Amino acid sequence: MSKVLVAGGVAALLSGCELLPEHAMLGTEPEETPEAAECSLQPTFADEGCLLPNWVAFGLASQRGDNEWRNQAVTEIESAAGRSEAERELARAVALAWGSEREWREAATIYQEYTAAAPEDLKPLLRYWRNELEGRRSLAGHRDNARGQLTSLQRENAELSEKLEALTAIEQNINLRQQSP
């Protein structure tokens, strides 16, 4: 029975190789297509051919960038002419999603409000980013709760240590009185 399962698993793995891009099996990087070379880093709804590459590149740049980069990107996004409000706000959300925890809250709100206005091909990526962001926010909340609990437990431990020292002192006094004639 186990040999059949192993053979089936190997067959399933090998049959999936045909679904992989050739560069993945050869261990090489894919050649850049002319379409990909023409795409910019600016996230926009305009060019369907570059829609996902532009947004993914912008998301990666935001993740890798520092606060200065994100602030500059947000300024450029807000000053860009000819963009719809949804396009501007979603680009802001991508930049803010890798900033401070306060900015995470703002980015999550923007994602929720404007994702429906995005092109259909972009919506799954935006939902994924929002879910990932909500996961980070949840972990940060758990961390903050744990820190609060730790502080409370440390305070309680200190109070109990003081009480234990007081009880130990009382016990020593009682023992000394009993030993004295």
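The values are calculated or read from the model by the stated rules, or taken from the named source; none is laboratory data. Not measured: the values here are computed from a predicted model. So basically every Cβ, Gly included, is an ideal-geometry build from the backbone, and we count neighbours across all protein chains shown. Just the protein is used for accessible areas: all its heavy atoms, side chains included, with ligands, DNA and RNA removed. Shrake-Rupley method; radii C 1.70, N 1.55, O 1.52, S 1.80 Å.
Quick notes on this one:
- Summarising the label geometry, the points placed 7 Å from Cα in the beta-carbon direction at residue 132 and residue 120 lie 2.5 nm from one another.
- At the residue level, residue 75 shows approximately 90 square angstrom of accessible surface with a 1.4 angstrom probe and all protein chains present.
- Computed E for residue 71/residue 40 - FRET, C-beta separation, R0 22 angstrom, nearest 0.05: 0.65
- GluC sites (Glu not before Pro) within region 87-181: DSSP coil, no more than 15 neighbouring Cβ in 10 Å: 120
- Ordering 163, 123 by accessible surface, largest first, gives 163, 123; the 1.4 Å probe counts only protein heavy atoms, with every chain in place.
- Solvent exposure ordering (accessible area, 1.4 Å, most first) of 45, 58: 45, 58
- The string of couplings for region 133-148 from the Karplus curve (6.51, -1.76, 1.60, θ = phi - 60°) is 5, 4, x, 5, 5, 5, 4, 5, x, 4, 4, 5, 5, 5, 5, x Hz, one whole number per residue in order, with x for Gly and Pro.
- Residue 150-residue 113 pseudo-label distance in nm [points 7 Å out on the Cα-to-Cβ vector]: 3.5
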